Each structure stands twice: as C-alpha cells, then as structure tokens.
Amino acid sequence: MHGRIEAPFRADHVGSLLRPQNLLAAREQFAAGNLDADGLRAAEDTAIRDAVAMQEEIGLQAATDGEFRRTSWHMDFIYQLGGVSKTDEQIRVRMRNAEGEGAFTSAGLAIHDKVRLERPIFADHYRFLASITTTAVPKLTIPSPSMVHYRGGTAALDKGVYPDVEEFWADLSAAYADEVRALAGLGCRYLQLDDTSLAYLNDPAQRAEMAAKGEDADHAHLRYIRQINAAIADRPADMKITTHMCRGNFRSSWAAEGGYDFVAEAVFGDLEVDGYFCEFDDERSGGFAPLRFVPPGKQVVLGLVTTKRGELEDADALKRRIEEASKYVPLDQLCLSPQCGFSSTVEGNSLTQEEQVAKLRLIVKVAQDVWG
C-alpha cells in the first residue's frame, strides 16, 4: 500500500473547522455595526492563515479555509445563485443528539426567476486559500445541486417561471456546470460537493416527510445523481470531485439515521465522482456492507472519527474498522477522515480546538500506519 498523490487522500478531512474565538468576536462586532467589511475580512484572513498552517503542520495533504467566511455550509452558497431568493418563511430541520431534540432553522428559499450563475461563487474564497497553501492541495467545498431542491422542494418554484420542472433541473445543472468551469479556470483541482440529501433519503422518516410534500421520495436520489452528473460532466481530467454524504451536523446533533442501503447501488454505481466521504462513526450510519457496490477506480473515505464529541478514538479500533471495511472494498480504495465537518454552521460542534487538532493528528497517524 502507499500514500496517494491525488485527491481524495489517505488522511483527509471534510472541510469545516471550529471558528476561533477572535473570529467569532469579529463577526459579532460586524453584526453590531462596530466593524466594517474590511475589518471582518482581515480577521477572516488571519484565522484562515492559522487554520491552513495547522493543517499543513499536521501533515494533511489537502487544506480548506475551514469555511470561516460562511455562516452555514450550504445556504451562503445557495442564496448567491441567480433566481434564488431568501424568504421570510423558516426552514426548520429537526435535529437530535444524546441529550434530546432540537432544530436547525434557516430563512426559506424561493425560485423566483430562471436559475443561473451570475458570477462565480466563492471564487475569492478559493483564490485566497490557494495563495496561502504551501504543501497542501487547496480544497473547496460547496453544496451539491441536490440541496437547492431538498431545502425548498418543488413548492419553492414559481410556476410562472418553471411550468415544467424539467426546465428547472436543466437550468440548475447548467448553473453548477458554469461554477465548476469557473473554479477550474481559477486552478481548483479538488472540489467537494456536500450532499446531506443522499444520506437523509436512507431514513424512512425523511422519505415519508418528503413524500408528504408531494415529492417522489423513492426516486429522488436517482434524480439527484443525474443532475450532479450533468453538472460535473465537463470538468478537466485532472480535477478531482468528491461528495460528502452525512445525516446532518449542527451543534453535535443529526437529523437522519440509517445505513446507506437505500441509495447505495445507485450512488456508488452511477454517481460520477472520484470519491465518497461517508460517515461511519457509530451505529447511526449502519454497517459497511453497502460499500460492496463501489466500483474499481473510486475511493471511499471512511468517516470513522466523530466530530460530534471531543473524546479521542482508539487508533487500534480505527485500524480494525478499516480492516472490516476492506472486506467490501479493496484496502487501496479506502481512505480515512472525520465523519463530518467540525463546524457545519458558525456555531460549531461540542468540542475544543485542541480536541479537533488531536483528531486530525490521529487520522494522519493511523493513515500512515495503514497505508504507509
């Protein structure tokens, strides 16, 4: 076995990192009108430089900006698509953890005009990240096109704009194709499409909720796969695209449960990405058997290290789980990562900066032990 020279890497991570205290303070000052946009950007730049230095020092081969310029992993992107607008209606996602139930809430969204890319989204985020990485490959994370539909559903479409839903899907994929093309032009060669919907749809309760809104919940994942494939079809040959599938991540809570069985055959067999980040940190995610559908040439990044709590995993236990997964996918097609980001929203999960770093160090160490 050997280390990998292209993404996804043997030791990798999903993307978001805990916001440092000085950045949170700057955001508060900005919201209160006591700090201007330049001041906030300077605070973000400093925090991102420190985060990239940390990732490179640990030995990670890819580095992100921690999503430090965002409030949410997905809504900041979605609201910048042409034709999409915020609404006063609240999107409420029920979340739960060991302590009980809560909720993630966000402003709603409406498709009021033709969906299009008016300007490349997060282009300046990527440029800055690429300018400060030295040993690591700069990795950008964006929400999958599926999330535009999963958050609002067909009900979010203005029927005057889209009397035929097929036109919406064509425009959405075209907008994403334009985004992929623009990022490739900036030099981005490692792009991740974050997609909770593909994991949520494994949960019968989530499918029931979707069906109650009049959607075809049993086949939604097939539609999502087609649209993602259309969006990434023209990427450069040397641009690696992965997807991350999780069951929700907000303040150490989750929204869905269940293994990958319902979507596995189609997602692993038909989704034309280079790698899959899959959470497998506890029984919430099911077993490794669905990985039997992963074809040769695709990587599976095993999310065995939880970001939901600070307690550090045992290295030998992680190695045993990698060995167990290798019964379904050859070891050379496997990698290791946390199961999700550490801070999918600005609030972050229930662990400390030190615990976050310890988990990333453990991932690098275990990957070196397993793959060399």
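The values are calculated or read from the model by the stated rules, or taken from the named source; none is laboratory data. Everything numeric in this text was worked out from a predicted model, so none of it was measured. Cβ placement follows ideal geometry from the backbone for every residue including glycine, while neighbour counts extend to all protein chains displayed. Each accessible area value is taken on the protein alone, full model and side chains, heavy atoms only, with ligands, DNA and RNA left out. Shrake-Rupley method; radii C 1.70, N 1.55, O 1.52, S 1.80 Å.
Summary table
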read-out: Accessible surface, per residue, of the chain when the full set of protein chains is kept, probe 1.4 Å, Å²; value: 40
read-out: Ordering of 139-147, 26-34 by burial proxy (mean other Cβ atoms within 10 Å per residue, highest first); value: 139-147, 26-34
read-out: By average C-beta atoms within 10 angstrom, highest first, the peptides 179-190, 338-349; value: 338-349, 179-190
read-out: Ordering of 40-51, 157-168 by packing [mean C-beta count within 10 Å, highest first]; value: 40-51, 157-168
read-out: Span from the the range 268-346 Cα centroid across to the the range 5-49 one, whole angstrom; value: 26
read-out: Restraint check, K159/K213; K327/K359; K298/K359; K139/K359, Cα-Cα greater than 22 Å; value: K327/K359; K298/K359
read-out: Shape of the range 24-95, Cα gyration tensor, a/c cut at 1.5; value: oblate
read-out: Mean separation of Cα contacts under 8 Å, 6 or more apart, over the residue count of the range 212-331: relative contact order %; value: 24
read-out: Anisotropy class of the chain from Cα gyration tensor, a/c 1.5 cut; value: rounded
read-out: Protein accessible area in the chain, 1.4 Å probe - carbon and sulfur %; value: 49
read-out: Whether the range 242-372 is rounded, prolate or oblate, judged on the alpha carbon gyration tensor where a/c under 1.5 counts as rounded; value: oblate
read-out: Estimated [θ] at 222 nm from DSSP helical runs (n ≥ 4, -39500 (n - 2.57)) normalised by residues in the chain, nearest 500; value: -11500 deg cm²/dmol
